[in-house]
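Q: One structure, as structure tokens, below. Some questions next.
The values are calculated or read from the model by the stated rules, or taken from the named source; none is laboratory data. Remember, predicted model here, so these are calculated numbers, not experimental data. Note: ideal-geometry Cβ built from the backbone for every residue, glycine included; neighbour counts use all protein chains shown.
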Amino acid sequence: MSEGSDKTSAAPKVRKVKVPDDFTGQRLDNFLMRELKGVPRSMIYRLIRRGEVRVNGGRAKPERKLQAKDEVRLPPLRVAKSKPAPALSAPLAERLRNAVLYEDRDVLVLNKPAGLAVHGGSSERQGVIEMLRSIHPEGGALELVHRLDKATSGCLLVAKRRPALRALHGALRDGGVGKHYTALVSGEWPASNQHIKAPLTRNVLRSGERVVTVDEQGKFALTEVRVRVANSTASLLQVRLHTGRTHQIRVHATYAGHPLAGDDKYGDPGFNKRMSALGLKRMFLHANRVEFGDILVTAPLPDDLESLLQRLNLDL
């Protein structure tokens, strides 16, 4: 090669990464998002599905909880350098600071606004967790304890230290974290139907979109429901999750014959159209309360949802 000519970049190679002690309990998909920066989440799911990612030599599912010293095989990828995430605007940064409902040395609880994804991905340059890291002293130490859909508002639990994250994940598995929601569904929900037990299966489409269905071979899922107020048009429910399956409330509500208002994936288009005419611009699902240890944090119902209830004569 003559002097001054460009060198050919080395071809990407397979990497094998040992899971650090601090990452015990982290999901495989989230671990890969850290290790394969710039790779869209949809591609990460495809790599896992095709078996190109291996854990200790074997295939693994995206939700697998990693253990210290696990060996994760990363396939050779040539990743285009991604553009830096846009700087967080001062008004949005202030809005997020003001949305913190509770904080101590281990955790914070955010009143997540509707319309913000909890994490960045192929269609989102950055999500709530990335935004929080940019404005919070702990920065990269912040981790989501659980997730909320983009359209869902309310209590989002975020760990500030890895030990707290592991403890809260353990509490989630053991039923030590109470997650409560306010939901509006179509029709008059029967007061006697207080528990929905229907196993759920999650499918990831080629596009990376997640679709959940009731399936006898799926994972156990239990949703507890209490009717707060109802009429022939709609019912306002207080919902508690006893399991944390993806889209659980949305799929269980449709399975029970009373789809969630504003749900464009599993809902009733006719009912959604009527609710839209009354001013509903998003899914009516709000995480109004979270309990962990001896701590209880509540988030008031947003004004847009309160206004809809008044128009439906369902205000409390």
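Q: Quick one: which residue in Ser192, Ser134 is of a type in the set (S, T, N, Q), under 30 Å from Gly262 (Cα atoms) and without any contact (Cβ under 8 Å) to a residue 60 or more places away in the chain?
A: Going through Ser192, Ser134 in turn, just one is of a type in the set (S, T, N, Q), under 30 Å from Gly262 (Cα atoms) and without any contact (Cβ under 8 Å) to a residue 60 or more places away in the chain: Ser192.
Q: Let me ask something additional. Of Val239, Val229, which residue is of a type outside the set (Asp, Glu), within 11 Å of Val185 (Cβ to Cβ) and either buried (at least 21 other Cβ atoms within 10 Å of the Cβ) or at pLDDT 95 or above (or both)?
A: Only one candidate passes the filter, namely Val239.
Q: For the condition over 14 Å from Tyr181 (Cα atoms) and at pLDDT 95 or above, what is the one hit in Ala253, Ala234?
A: Ala234
Q: Suppose we filter region 208-222 for residues that are of a type outside the set (A, V, I, L, M), assigned to a loop (DSSP other than H, G, I, E, B) and surrounded by 15 or more Cβ atoms within 10 Å (Cβ to Cβ); how many remain?
A: So the answer is 2.
To keep it simple, each residue is scored yes or no on (1) in a loop (DSSP other than H, G, I, E, B); (2) out of contact with any helix residue (DSSP H, G or I) (no Cβ under 8 Å at 6 or more places or on another chain); (3) of a type in the set (Val, Ile, Thr).
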{"site": "Thr182", "(1), (2), (3)": "no, no, yes"}
{"site": "Ala191", "(1), (2), (3)": "yes, yes, no"}
{"site": "Arg206", "(1), (2), (3)": "yes, no, no"}
{"site": "Glu224", "(1), (2), (3)": "no, yes, no"}
{"site": "Val227", "(1), (2), (3)": "no, yes, yes"}
{"site": "Ser232", "(1), (2), (3)": "yes, yes, no"}
{"site": "Ser235", "(1), (2), (3)": "no, yes, no"}
{"site": "Arg240", "(1), (2), (3)": "no, yes, no"}
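Q: Next question, about the same structure. Could you please give the count of residues in region 21-55 that are more than 23 Å from the chain's Cα centre (by Cα), surrounded by 13 or more Cβ atoms within 10 Å (Cβ to Cβ) and either in a loop (DSSP other than H, G, I, E, B) or of a type in the set (S, T, N, Q) (or both)?
A: Going through region 21-55 one residue at a time, the tally reaches 1.
Q: So, in region 105-150, exactly how many residues are under 22 Å from Arg173 (Cβ atoms) and not hydrophobic (A, V, I, L, M, F, W, C)?
A: Summing the residues that are under 22 Å from Arg173 (Cβ atoms) and not hydrophobic (A, V, I, L, M, F, W, C) in region 105-150 gives 6.
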